[in-house]
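One structure is given here, and the rest of the page talks about it.
The values are calculated or read from the model by the stated rules, or taken from the named source; none is laboratory data. Everything numeric here is computed off the predicted structure, so don't read it as measured data. A quick note on method: Cβ atoms are made from the backbone with ideal geometry, for glycine too, and the neighbour counts reach across all protein chains shown.
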Amino acid sequence: SQQGEEDPQALSIQEGENATMNCSYKTSINNLQWYRQNSGRGLVHLILIRSNEREKHSGRLRVTLDTSKKSSSLLITASRAADTASYFCATDAPGAQKLVFGQGTRLTINP
Amino acid sequence: SQTIHQWPATLVQPVGSPLSLECTVEGTSNPNLYWYRQAAGRGLQLLFYSVGIGQISSEVPQNLSASRPQDRQFILSSKKLLLSDSGFYLCAWNHHGAGTGELFFGEGSRLTVL
């Protein structure tokens, strides 16, 4: 069963604007990760946030985690056309050696 | 540095034919290995994972199987393909003991079953 669910399913914004994607999950986690996938390619890891962390930054990326609400958000600031991709959150299933991915958010940046 | 290779990149197979997708990792030892499938425009479904040679965990009952004949080789197979097996298959690895740490993905194998 799916652990993480992203919202919205699709997002289209103008270049330079900020993009926010959300992820909700159902059970307790050790960490939550965000990945990016360009069309027809493999996924690339963006950022990992541990359950005892509330916010993390990496370049133009900002991730927050609210374990009480079982949710996370990914913010991309000052978006660029090259940010056009699908973005997935992934959570670890408790006690298991695996990551479970959500359905993803398709982000389109219009020049 | 570590690299992951998947092949073939694309294949078209008739219903009922066999399948073999291969994945190899270089530059590391005893990695955890994973096979995911992605339907068009959808998320990733975990099919199999392996924490060591000969150790395979299956997540979804289906007509697919996985094997790990060598430390850094992971093979996805089927004896008879179904139409529903079409999709984008992704192999991934992470460091042994990392459990649910960062995953490194291959470029994928796109399978079309006709």
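The conditions of being modelled with pLDDT of 95 or more, in a strand (DSSP E or B) and more than 10 Å from chain B (Cβ to nearest Cβ) are met by residue A:73. Within the stretch B:31-59, the set of residues being assigned to a loop (DSSP other than H, G, I, E, B) and either among the small types (Gly, Ala, Ser) or within 11 Å of another protein chain (Cβ to nearest Cβ) (or both) comprises B:39, B:40, B:41, B:42, B:43, B:54, B:59. For the stretch B:104-114, which residues satisfy the criterion of being in a loop (DSSP other than H, G, I, E, B), surrounded by fewer than 22 Cβ atoms within 10 Å (Cβ to Cβ) and facing chain A (nearest Cβ under 9 Å)? Hit for the stretch B:104-114 is B:107, nothing else. Scanning the stretch A:50-62 for residues being touching a Ser or Thr at 6+ places or on another chain (Cβ under 7 Å) and within 14 Å of chain B (Cβ to nearest Cβ) gives a total of 1. Here the condition is being closer than 22 Å to residue A:101 by Cβ and either under 16 Å from the mean Cα position of the chain (by Cα) or at pLDDT 95 or above (or both); of B:114, B:76, B:81, it holds for B:76 alone. Number of residues in the stretch A:20-38 that are assigned to a loop (DSSP other than H, G, I, E, B) and surrounded by 14 or more Cβ atoms within 10 Å (Cβ to Cβ): the value is 2. Does residue B:22 satisfy the condition of being within 14 Å of chain A (Cβ to nearest Cβ) and either more than 28 Å from residue A:103 (Cβ to Cβ) or surrounded by fewer than 20 Cβ atoms within 10 Å (Cβ to Cβ) (or both)? No, not satisfied. Scanning the stretch B:60-74 for residues that are charged (D, E, K, R) and either within 21 Å of residue B:88 (Cβ to Cβ) or in a strand (DSSP E or B) (or both) yields a single hit, B:68. Inspect all residues belonging to the stretch B:49-71 and state whether any of them is under 24 Å from residue A:33 (Cα atoms), buried (at least 20 other Cβ atoms within 10 Å of the Cβ), at pLDDT below 95 and not polar (S, T, N, Q). The answer is yes, given that some residue of the stretch B:49-71 is under 24 Å from residue A:33 (Cα atoms), buried (at least 20 other Cβ atoms within 10 Å of the Cβ), at pLDDT below 95 and not polar (S, T, N, Q).
Going by what's in this entry, would residue B:36 be described as without any contact (Cβ under 8 Å) to a residue 24 or more places away in the chain and within 13 Å of residue B:103 (Cβ to Cβ)? Here the answer is no, as residue B:36 does not meet what is asked.
Among the residues of the stretch B:80-96, write down those that are closer than 18 Å to residue A:45 by Cα and assigned to a loop (DSSP other than H, G, I, E, B). Once the filter is applied, which keeps residues that are closer than 18 Å to residue A:45 by Cα and assigned to a loop (DSSP other than H, G, I, E, B), the stretch B:80-96 yields B:95, B:96. With respect to the stated conditions, residue A:41 fails to be more than 10 Å from chain B (Cβ to nearest Cβ), under 26 Å from residue B:107 (Cα atoms), surrounded by 14 or more Cβ atoms within 10 Å (Cβ to Cβ) and not aromatic (Phe, Trp, Tyr).
Summed over the stretch B:89-103, the residues that are crowded, with 20+ Cβ neighbours inside 10 Å and in contact (Cβ under 8 Å) with a residue 12 or more places away in the chain give a count of 7.
Kindly establish whether residue B:46 is at pLDDT 95 or above and aliphatic (A, V, I, L, M). No, not satisfied.
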